[in-house]
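In what follows, a single structure is set out as structure tokens and then discussed.
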Amino acid sequence: MMRTTYQRVAQLWKTYQCGWEAMRQAFNLETCVKLHVYGHLSVFPSGRNSQGIILGSILFPIRVTLAGVCFLIMWPIARLRLAGLSEEERSKPVEGWRRWFYHPIIWLLSRAVFFSLGFYWVKVKGRRANLKEAPVLVVAPHSGFLDMLVLCPAQLATVVSRSENTSLPVIGALLEFNQSVLVSRKDPESRKKAVAQLNERLTSDGYWPQMLMFPEGTTTNGSALIKFKPGAFLAGVPVQPVLLHYPNKLDTVRWTYKGTAWTEALWHTVSQPYTNMTVEFLPVYNPSQEEKKDPNLYADNVQKLMARALGVPATDYVMEGGVPVSKVGGLSLPLESPARETLTLLHKSGLGADEVQAALDRMIDRCCSGAQGAKVSTEELASILGLSHQQTAAHICSLYSKDHSVDLRHIYFSVAPLTGCVDLKTLLHSAFTMFNREGGGSLSERELSDLMEALLGVPQHRVAELYAAASDRSRLTEESLLRVLTAHPTFQKVTKEYLRPEEAAGTLSNRRSVNNNGSVYNNSKKSE
């Protein structure tokens, strides 16, 4: 009997190990990061939510009022610092009494704002480098607007900000006080001017004050570091990496692409008795000659160093046009596939496998009819998909376009591989024929960009590497493109994850059966 019991226990342990290994492989670290790095939801233990509501009802109005009073006091003082100066004088760093008189006042009021919000203690590790040692501080991870508290240990270092923020009350005055580098994301000329200003300030040999930048360029939940933008590294000067930690029982400060809104982050943070923050100054990073010549290499190496110090992965994820993507050979691969979310929405609307296939057939027929064209409105999309509610069609439209119309080719060519109803060669042949506007059996680089946008569901701005790999004597044929997408070591990933209907076979039926059981089956971040 003892032997039988032992055998059963051993068998259970073996089964457990096999199951754990399968789960580990299926949900590897990279997959978890891909799903979660741009999203965050504040999760509270049982009882903490009601406790937060009670505390928040008391603390929130008091703390926000105190912070508001501090901001109102800062407003005129910040304006006075540059009052009476000409444009030429404003283009130079503030010196003399205007600096030593106003700077400590604004610093004290800035600290008072965060003290009012519950940041009673800020623990500082390491030593902040002086201006000669490191003209710029690079801070990560960037979790939300409350990260600006780091400016207090950094002695109000100069920052880079959107030019649109100058129109905001108080914030505009503080940016003027800070003599921030302003950039408009919509104006390419503004970007060029900002880059020139950055280079001038970082190479001024101490003439301009120290700068502070968040090289990630957007907020994440801190589970990984996304790709650093090269702005802080263009000048090739030494940088000091700075790590931000929030060692609290509840993670409330994060404001990300999806999940907790900024108002929720503020409410949850202010509703806590106190919030801890740790600022860790790492040793100054001096770039090599290779890194000075290549800002992207410099940025990547600093990112990896900071990721190791944080104990998190360093990824190549970036935000493009408000969409989180990873980069492979210049191509932008969406972390949240619009095609998968489209399929989910269609199934939630009651469409089964046959109905989805019929809708895809109607799409391709519409695309091939030269009279009507592939561009449709939300109302037309609802009709083609067989949807009774236009809200679903509008949601699908928003996944592929920023206006109220969408190119049916983008929906068809990105969704069709997931249904398992068309093989890669047939899919690519249809796409190649449709985007080869001039005929002749060869695509231009612009046509390749449009084709890959349709296949992947997001705009493709850098296809030069793929075009070069697939071109044969300056001609990109259907056969050469198929060969590169299936055999090239870099671009195989694109095919494997997005264009392989064999691996997606059963997706439609599996989703349908889950739907019939009443479960949520969305593969996007919302399903977590």
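The values are calculated or read from the model by the stated rules, or taken from the named source; none is laboratory data. Quick caveat, the model's predicted, so the values are computed rather than measured. Because the Cβ atoms are built from the backbone with ideal geometry, glycine has one as well, and the counts that use them run over all protein chains shown.
Brief remarks on what is shown
- Pairs are defined by a Cβ separation below 6 Å, a sequence spacing of at least 6 or placement on different chains, a first member in the range 286-311 that is closer than 19 Å to ALA224 by Cα and surrounded by 13 or more Cβ atoms within 10 Å (Cβ to Cβ), and a second member that is modelled with pLDDT of 95 or more and among the charged types (D, E, K, R); the pairs so defined are LEU297/GLU291; TYR298/GLU291.
- Selected residue (criterion: farthest from LEU310 (Cα to Cα)) from residues of the range 243-265 that are over 20 Å from the mean Cα position of the chain (by Cα) and in contact (Cβ under 8 Å) with a residue 12 or more places away in the chain: LEU250
- VAL458 assigned by TED's automatic domain parsing to the domain that holds LEU482 and touching a strand residue (DSSP E or B) at 6+ places or on another chain (Cβ under 9 Å): yes
- Among the residues making up the range 349-400, a single one is under 20 Å from PRO459 (Cα atoms) and among the charged types (D, E, K, R): LYS375.
- Qualifying residue in the range 416-437 (condition: over 21 Å from GLY322 (Cα atoms), touching a strand residue (DSSP E or B) at 6+ places or on another chain (Cβ under 8 Å) and among the aliphatic types (A, V, I, L, M)): no
- Test: ALA314 is within 22 Å of VAL181 (Cβ to Cβ) and of a type in the set (A, V, I, L, M, F, W, C): no
- Single residue of the range 460-489 satisfying the filter (in contact with a helix residue (DSSP H, G or I) (Cβ under 9 Å, 6 or more places away or on another chain), surrounded by fewer than 16 Cβ atoms within 10 Å (Cβ to Cβ) and at pLDDT 90 or above) that is nearest to GLY321 (Cα to Cα): ALA464
- Selected residue [surrounded by fewer than 18 Cβ atoms within 10 Å (Cβ to Cβ), within 23 Å of VAL138 (Cβ to Cβ) and either among the β-branched types (Val, Ile, Thr) or under 19 Å from the mean Cα position of the chain (by Cα) (or both)] from PRO238, PRO230: PRO230
- So PRO93, is it outside any helix (DSSP H, G or I) and at pLDDT below 70: no
- The test for being more than 34 Å from the chain's Cα centre (by Cα), surrounded by 14 or more Cβ atoms within 10 Å (Cβ to Cβ) and over 24 Å from VAL150 (Cβ atoms) holds for LEU80.
- The single residue among GLY52, GLY19 that is modelled with pLDDT under 90 and surrounded by 17 or more Cβ atoms within 10 Å (Cβ to Cβ) turns out to be GLY52.
- Qualifying residue in the range 490-505 (condition: outside any helix (DSSP H, G or I), under 15 Å from THR419 (Cα atoms) and modelled with pLDDT of 50 or more): yes
Condition check ((1) of a type in the set (Gly, Ala, Ser); (2) surrounded by fewer than 18 Cβ atoms within 10 Å (Cβ to Cβ); (3) touching a helix residue (DSSP H, G or I) at 6+ places or on another chain (Cβ under 9 Å)) across all residues:
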position: PRO283; (1), (2), (3): no, yes, no
position: GLY322; (1), (2), (3): yes, yes, no
position: SER332; (1), (2), (3): yes, no, yes
position: HIS347; (1), (2), (3): no, no, yes
position: LEU351; (1), (2), (3): no, no, yes
position: TYR400; (1), (2), (3): no, no, yes
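- Spans of strands (runs of 3 or more DSSP E) in the range 277-342 with at least 2 residues under 18 Å from the mean Cα position of the chain (by Cα): 317-320, 323-328, 331-334
- Among (1) over 23 Å from LEU351 (Cβ atoms); (2) touching a helix residue (DSSP H, G or I) at 6+ places or on another chain (Cβ under 9 Å); (3) surrounded by fewer than 18 Cβ atoms within 10 Å (Cβ to Cβ), the one test that ARG446 misses: (2)
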